[in-house]
Every structure is written in C-alpha cells, then in structure tokens.
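The structure appears below as structure tokens.
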Amino acid sequence: MLHEDMKKNYKELVEAHDFAHIGSWEMDVLKNISRWSEEAYRIYGISSKQYDGTYEGFINMIHPEDRAMVDNKITGAVSELTFDIEYRIIRPDGTIRNIRQLIIPIYNQEGKLIYLYGNIQDITGMLEFQTFLGKTEETIDRIQKRFQVLVQQSSDVFEIISPDYSILYISPAIEKITGATPEQRIGKNALEFLEGEQKQSFIRKVEHVLDFPEERSEGDLILKNLDGEDHYLTYTMSNQLSEQSIQGIVINWRDITDRIDNQKEIEFIATHDELTKLPNRVYLKRKMTQLCEECGPDQDFALIMLDIDGFRYVNDALGYQLGDQLILQVAERLKEILGEERFICRYSGDQFAIIVQNLHKSWEYEQIVKKIASLFTEAYKVDLYELDMTVSLGISMYPNDEKDPDLLINYANISLLRSKHEGKNRYKFYSSDIGIQIYKQVVLRNDLLKAIERNQFRVYYQAQVRLESNDILAAEALIRWEHPEWGMVSPNEFISLAEESGFIINLGNWMLREVCRNYRKWMEGGMAPIKVSVNYSSIQFFERNFVENILNIIAEYGLNPHFLIMEITESVFMKNPEKAILDIKRLQSVGIQVALDDFGTGFSSLSYLNSFNIDILKIDRSFIKNVMLDEASTIITRSVIDLAQELRIKLVAEGIENWDQLAYLRDLNCYSGQGFLYNKPMPLGDFEQLLVCEKCLPTELLREKEENRDKRKYLRIKLPTILEADMSIVEIPGQKFKVGKIRVEIKNIGSEGLCFTAGVRLPVNRELTLQFAIPMKDGTNVSITGFPIWVQELEENCYEYGVEFEHRPTEKVDLTMALYTLCKEMYS
C-alpha cells in the first residue's frame, strides 16, 4: 500500500521537480530497472536512449573517483529512511557536473530493499558561487585585516565626526600624539580639544565641507597633549555623510611636529650666529622691515651699530679661539645690560647691531649709547690675558633719519665709519652732512666679500717704459672693481677695506691667477716676454704657506716664475720682519724679482737695502710730481737715482705726467718710468694692442684734457675764479635718499650743466642724481640737481666731471636769473 502511494506521489513530484529544475527517478531494485524524468536526463546530459536503466549503467555515469563512495552509500542503506549524497558525473560531452541526490529506500516486510525513489539536483553553479563567495570573503577579510594593521601602525590619525562635532571614531595613533586613548575621545565633542583661532579655523573647515560636499578642506593647527606640549598637525577633511558605511566627516590628521622643529632649526641656523646664538644680519633685515611696517606715527626706534676697535689685531696676535672668547663675552655683557627685550644681533665678525625702541627723547637714546660704551671701560679677561678694548658706535633713528630699513642700516654703518675715522672709541648719530666718501666706503665694505663670485674685479695694466728708448720693459698689474652702482672703483678705495677684513688674501690669489692666465695667453700669442709686477700687502705675508701658494698658482699655468715682479712697501717688514725677509729670499731664489714701492716716503727704506738684495726701486709719485718745483723733491729724486746707479739697482719713476718731468729724469739717466704721460692703466684688450707695438710713446696729456673739456653740448659761463659749492647724492640707482655733503669746485656753469672737480670717484650714470648748493652773497643758496655724463682723472684722487641738469622749464628760467646774479657778483 505504501509502495502504491509512493508511486502516486512520485508522479506529482516529477511535475513539480521539472518546474524547479530537479530531476526525479525511481528504481525497481529486484528487476534492476529504473525510470527517469526528463529533467533528470537533462541534468545528466543524455537522452533516454543513451541509458539502459540499470544500476550498473547509473554507476558508470559517475566520476570514476566517486563511484565506490556512491555504490557503498546506496548498497549500504539498509535501515535508513532517507539519505542524500553528493558526487560528480561526467557527461558525454566531457563536462563535469556536481550532483546532489536525495534517496528514499523502500523495504518489504522482510526488510529487504525492493525500491528506490530519488531526486537529482545539479549543484555545480551553487558550488562555484560558494567557492567564489568564499574567496571573496577571504579577500575582504584580508583587506580588512590589512587596513586594521595600517590604521593600528600608522602615525596618521583617522577620525570620523558628526556634523555636530561628536567624535564617532578615532584611530589608535591619537594616543601617540595626545596621550589619550581612542576610548577617552570617542563620544566627546571635537571642539573641546581646541581653543581660540584654532577652534574657529576648524569650524570654518567643517562648515565648508558641509556646504560643498564634493570639496576637501585642508588646514593646520596646534594640539596640546596631556603634558601640555604642542604638536603641530596638518589635516585633510572630506564629507562622507552620504556613504552608508561611514555617515560622517572623515579627517586625516598628520603630526608634522618633527618637520616643523627641523624647519625651525634650519631657520635658526640661517638667521642666527653660530658662535653667540644671537640673530645675524639676515634676521636684522627681517626685524627692521617688520618694525618699519608696524611702527605707528608716535613710535620710534634707534639702530645702533657697534664695532670693536682693533679686534683684528686680537685675532692676529692671540688667535681666533681667543678672539671667539672675546666675542662671547661682549655678547653676554650686551645681554646683561640691555635685557632680553632688546634686540641684539651679531652683524659681522666684530660688529653688533642693537635696536632700542620707543624712548622718544634723543637724550634717552644717547644715554643708552653711553651705557653700551661703558661696557668696555672694564678689561675683558680672556684666558691668561686682560684686554682693554674700546668700541665705536654709529646710530640711525626711525623715523627722523629714514623710514626705509635698508637705508637705516646704511646710515647706521655710515655713522659708525665716521666715528672710527674720527679716532675710534666714540659714537656718532647719523646726520645728512656725513660725507659721500664715507657712505661710499660703507657700501663698498658691504659688497666687497661677494665681488669675486659676482665677477666684478678687473685687472688693468700700466706700461713701465725704458725712458731712453720707449721700450716696454714691464707692466704693473692694477686691480679695479667694476661696482654695479659706483662704476669703476680704484684700489685706493677698497684695498684698506680688504686688509681690515682679511679678504686681501683671497683677493691677492685671484689677482695672481688672472695675471698668470693673461700672461699665458700673451706667450701663446707670440708677444714680447715682458715682466709683470703685482702689488702685495703686508697682510698677505700672514697667509699660511704664502710662498708655496704663489708658486703653486704660477705652476697651474705652466709658467716660469721669472716673469713676476713682487711689489712691496716697507710696511711688509714692520710686523714680522724675519718671516717677511725669509719669504722674499725664497721667492727671489726661484727667479721672482722684488720691487720696493713708494721708496723715500718711509723712515726705514734705506735700512732695508742692507737687509736683502732689492731688485727694483720705485720712486714715489709725490717726488716726481714736484720735481723742479720743490727743492726737497728735486734733491731726493736726484739722490735716489744716484743711489740706484751706485748699487746697480733698477729704478722706476712713478707718476710721470708731463714733458718737463720726463726730460729731467732722462737727463739724470733714470732707467725707467711709468705715468699718465705714457699711458693710463688700461683694460686687458687695450694693453694687448699696446704690447704688440713693443713701444710706448709719451703723449701730450694736457692737450687731451683740453679736447675732452671742449666736447660740451651747451654754452658755459667761464668763471673768473673757482666757485665752491656743496654737493650731495640724492639718488643712486634704485634708491632715493640724501647723503653728503662734499665740497666741490665748480669750474664753469651754464643753464644746462656745469663742470666741477672733486676728490671722490663717482660713477657716470644718468640714474645717479647729484644736488649742488651754490652760495650767493645774500646768504641764500641756489639748489640745482643733475647727473654726471663724463669723468676724467686729472691726477691721483682728483677727478673732473661734466654734469647735465634735470629741471622743468620754470626752473630753467629761475636758474638763468640766478646765474646772471652770480656772474654780476663774481665779476664786480
């Protein structure tokens, strides 16, 4: 009865299974015959004709590796009501499918298996999906674990906050920064940990990403840890409220404290002195700029420049280590007397800058200056030495002197230089009557150390001529400085500055290399093998390995040292005569000749002729200038020429400027000479053209000057006497200010320009504005501005200039009237 019910139910089940893609089958075990549904055949990939319906045929369609397992399961099912089994089949087309079977065994009354009912399901797709799902879950799990490790190990902090600033999540790295765990932060308001502008800035960033969800916000802030220490953080912020898995504002914090600390350290090194840890001149410029921008109408300050008098000699005599100790003591005394609130800067080696603010009264600033100077009334104990030092001070005032930071620094330096020129151990406040020459020296001093790397130095040459034959015997190499503002600067104006700073050693080495480079070029070009003289300062003899350095430079260019003449003055022998004489003899031993320059001007010149063999004597130009005009100069000149002839020493007369001087020297059989009568110092290219001729003929210098004078554009009034006037500089290229005064002599004047002479070399530049104050008899001054358009050197340290006026038409009328009045006064 049960079997009949099963058959009936089986038919109904087949119809349902076909719809659900589940195959059905039944088997008469005793007859070994089975029946399959159409879906069962489809699952197995066969037709009813391909299967004989036997149990053996069924087993043969199973994958060989699964047959024994399936057979054992079916034949071993003695008492089980139902059981399921999974196995693989191989379809006729070779494909492998995964099958799940649910089998119901039917037993007779004796318990013998007589019938089997089952359904077949192709679970290949399901297993493949499960495999894919498993792999996907593994991948997701692996990614999650990696992300967790990254978040755990990252020094960055990841935070999620709600729009009302509640902290929803924060990564463990927050503990490294603040000392607080994530649990101590989550649930709290993020604004609790911020203050002031930091909080307001953070609020603005959050509001921005709320208003513009597609944009990111970035910012920086300082966060304190539990110990009160500051941490510098940078962050990016994005709106992820629409992201279901986040639903918040995501913030990525990064601790940049180390980077900021490194930047501060680099900034400190760049803006502070390594020895004293005081601010340096870079910091001073920044501080001055800030003060000038921030000072109100009722505020003022003083910039005080302090220079230790004679500091270089401490370094030379006691060494740089003791010099450094002295600098440290000076810095400490300044800090003690001025306090921490005052700005103190080490401006250069022995120079300090001090800023004093808002005293308002000039006498109060003067009291501070005197107080600073008093620091040096007590000796400095450095190692075993007690050093009595003095200082010079220069002061400029804001806003009285100037409101521009660069000019205030320049003015303080100008005042300092003036105080040193007036005898040191004193102070000077800036005033507009400080001389142009002093201002020029300040500018040159500041620019000198960079001049080599800026390629501003030039070598000029002046021929030394055999007076009898006009043959070029040698050339004196003379350095010139082509300054961007002051034009061609002569060595008289910067050599002393180079000696003070010790820069003379680098400058001398550069000079010798240039001379060697040029001489090598002459030799390769087949020019006459003349000698070249180079001037050496007494400071250069202090250079370590002085002789070796000279010989090494000459060797660099493959030259024989015989071409070189070293020009020295007797000052070389005053500081370390034993070393100087030894070095000179070593140089002479390799063929370098030595010339004693400015012979006759010192007190000991004759004594040095006994100390070693001088090769050449040079009579100073001061004697040649006055020969036949001054009895003493004439006697000295004749005596020196006689002495040189007796000692068989070659002689060079310097400063020959006219035919009378030349004729006199020739009559005395003077060996050789140099001067403007033959040629002025000239640049390399011009001298090479002269050198090709091998002779240098004297010229009429005065005629050349007259020709130059007459090349004027406008009519000038020739004055009956020299007219003295005050001249100031009111503008140098790119800078407007007033510096002066200097007394000049006006030789002629017209409505469009004037000609004057002065003892200072100025650049010829239309951007250099000069102001002339010409006194009238009634006590008033006529003020005229103009710019130099030509210059010529009349003699050493005496220059003649042509000036073109710059004025409006009405000013021209006023000037014409003033000139008319002036002429009446001078001719009356």
Cβ pairs under 8 Å, 6+ apart, first in region 449-463 and outside any strand (DSSP E or B), second aliphatic (A, V, I, L, M) and surrounded by 14 or more Cβ atoms within 10 Å (Cβ to Cβ): Ile452/Leu507
Residue in region 353-403 that is farthest from Asp298 (Cα to Cα), counting only those that are at pLDDT 90 or above and among the aromatic types (Phe, Trp, Tyr): Tyr365
Selection within region 658-680 - touching a strand residue (DSSP E or B) at 6+ places or on another chain (Cβ under 7 Å) and farther than 11 Å from Gln462 by Cα: Leu665, Cys670, Tyr671, Ser672
Single residue of Leu221, Leu226 found to be modelled with pLDDT under 90, touching a strand residue (DSSP E or B) at 6+ places or on another chain (Cβ under 8 Å) and either more than 30 Å from Phe352 (Cβ to Cβ) or among the charged types (D, E, K, R) (or both): Leu221
Answer residue from region 46-81, given it is among the aliphatic types (A, V, I, L, M) and within 17 Å of Leu102 (Cα to Cα) and is modelled with the lowest pLDDT among those: Val78
In region 717-741, residue surrounded by the fewest Cβ atoms within 10 Å (Cβ to Cβ) [restricted to those that are at pLDDT below 80 and among the aliphatic types (A, V, I, L, M)]: Ile717
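Rundown of residues vs (1) surrounded by 20 or more Cβ atoms within 10 Å (Cβ to Cβ); (2) over 29 Å from Asp726 (Cβ atoms); (3) not polar (S, T, N, Q), yes/no style:
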site	(1), (2), (3)
Val442	yes, no, yes
Glu476	yes, yes, yes
Trp481	yes, no, yes
Glu499	no, yes, yes
Leu507	yes, yes, yes
Cys516	yes, yes, yes
Tyr519	yes, yes, yes
Where a residue in region 242-264 is over 20 Å from Arg216 (Cβ atoms) and its partner, wherever it lies, is modelled with pLDDT under 90 and of a type outside the set (Ser, Thr, Tyr), with Cβ under 7 Å and at least six apart: Thr257/His231
Among (1) assigned to a loop (DSSP other than H, G, I, E, B); (2) of a type in the set (D, E, K, R); (3) modelled with pLDDT of 85 or more - the single one Arg88 does not satisfy: (1)
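Kindly establish whether Thr289 is touching a helix residue (DSSP H, G or I) at 6+ places or on another chain (Cβ under 6 Å), over 22 Å from Glu192 (Cβ atoms) and either outside the structural domain of Met305 (by TED's automatic domain parsing) or exposed (fewer than 15 other Cβ atoms within 10 Å of the Cβ) (or both).
Numbers: touching a helix residue (DSSP H, G or I) at 6+ places or on another chain (Cβ under 6 Å): yes; over 22 Å from Glu192 (Cβ atoms): yes; either outside the structural domain of Met305 (by TED's automatic domain parsing) or exposed (fewer than 15 other Cβ atoms within 10 Å of the Cβ) (or both): yes.
For Thr289, the condition - touching a helix residue (DSSP H, G or I) at 6+ places or on another chain (Cβ under 6 Å), over 22 Å from Glu192 (Cβ atoms) and either outside the structural domain of Met305 (by TED's automatic domain parsing) or exposed (fewer than 15 other Cβ atoms within 10 Å of the Cβ) (or both) - is met.
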Qualifying residues in region 76-121 (those that are surrounded by 11 or more Cβ atoms within 10 Å (Cβ to Cβ) and of a type in the set (Ser, Thr, Tyr)) - the one farthest from Asp28 (Cα to Cα): Tyr87
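Does Asp71 qualify as being free of Cβ contacts under 8 Å to residues at least 60 places away in the same chain, within 19 Å of Tyr115 (Cα to Cα) and either part of a loop (DSSP other than H, G, I, E, B) or aromatic (Phe, Trp, Tyr) (or both)?
Numbers: free of Cβ contacts under 8 Å to residues at least 60 places away in the same chain: yes; within 19 Å of Tyr115 (Cα to Cα): yes; either part of a loop (DSSP other than H, G, I, E, B) or aromatic (Phe, Trp, Tyr) (or both): no.
Taking the combined requirement at face value, the residue does not satisfy it.
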In region 346-376, the residues that are closer than 16 Å to Tyr398 by Cβ, touching a helix residue (DSSP H, G or I) at 6+ places or on another chain (Cβ under 9 Å) and surrounded by 17 or more Cβ atoms within 10 Å (Cβ to Cβ): Ala353, Ile354, Ile355, Val356, Ile368
Pairs, first without any contact (Cβ under 8 Å) to a residue 24 or more places away in the chain in region 85-102, second surrounded by fewer than 13 Cβ atoms within 10 Å (Cβ to Cβ) and part of a loop (DSSP other than H, G, I, E, B), C-beta under 7 Å, six or more apart: Leu102/Thr82
1 or more residues within 35 Å of the chain's Cα centre (by Cα) and closer than 30 Å to Arg185 by Cβ: qualifying strands (runs of 3 or more DSSP E) within region 204-316: 217-224, 230-240, 248-255
Meets criteria (under 20 Å from Thr276 (Cα atoms), of a type in the set (Gly, Ala, Ser) and part of a helix (DSSP H, G or I)) for Ala353: no
First in region 558-574 and at pLDDT 95 or above, second anywhere and of a type in the set (Gly, Ala, Ser) and assigned to a loop (DSSP other than H, G, I, E, B), Cβ under 9 Å, 6 or more apart: Asn560/Gly591; Pro561/Gly591; His562/Gly591; Phe563/Gly591; Leu564/Gly591
Residue match in region 807-826 (condition: in contact with a Pro (Cβ under 7 Å, 6 or more places away or on another chain) and either hydroxyl-bearing (Ser, Thr, Tyr) or modelled with pLDDT of 80 or more (or both)): no
Filter result for Met574 (surrounded by fewer than 18 Cβ atoms within 10 Å (Cβ to Cβ), over 16 Å from Tyr461 (Cα atoms) and touching a Pro at 6+ places or on another chain (Cβ under 8 Å)): no
Filter pass, Thr637 being over 26 Å from Phe563 (Cα atoms), assigned by TED's automatic domain parsing to the domain that holds Cys670 and modelled with pLDDT of 85 or more: yes
Filtered residue count, region 681-716, keeping only those that are modelled with pLDDT of 70 or more and in contact with a strand residue (DSSP E or B) (Cβ under 7 Å, 6 or more places away or on another chain): 10
Flag if Ile43 is surrounded by 16 or more Cβ atoms within 10 Å (Cβ to Cβ), closer than 19 Å to Arg100 by Cα and free of Cβ contacts under 8 Å to residues at least 60 places away in the same chain: no
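Being over 29 Å from Ser217 (Cβ atoms), in contact with a His (Cβ under 9 Å, 6 or more places away or on another chain), assigned by TED's automatic domain parsing to the domain that holds Leu384 and modelled with pLDDT under 90, is that true of even one residue in region 309-316?
Just the residues of region 309-316 that are over 29 Å from Ser217 (Cβ atoms), to begin with: 309-316.
Okay, now just the ones that are also in contact with a His (Cβ under 9 Å, 6 or more places away or on another chain), so none.
No, because not a single residue in region 309-316 is over 29 Å from Ser217 (Cβ atoms), in contact with a His (Cβ under 9 Å, 6 or more places away or on another chain), assigned by TED's automatic domain parsing to the domain that holds Leu384 and modelled with pLDDT under 90.
So which of Glu192, Glu175 ends up being at negative phi, assigned to a helix (DSSP H, G or I) and touching a Ser or Thr at 6+ places or on another chain (Cβ under 7 Å)?
Details: Glu192 fails: touching a Ser or Thr at 6+ places or on another chain (Cβ under 7 Å).
After ruling out the rest, the residue left standing is Glu175.
The values are calculated or read from the model by the stated rules, or taken from the named source; none is laboratory data. Source: prediction; values computed, not measured. Here the Cβ is made from the backbone with ideal geometry for all residues, glycine too, and neighbour counts use every protein chain on show.
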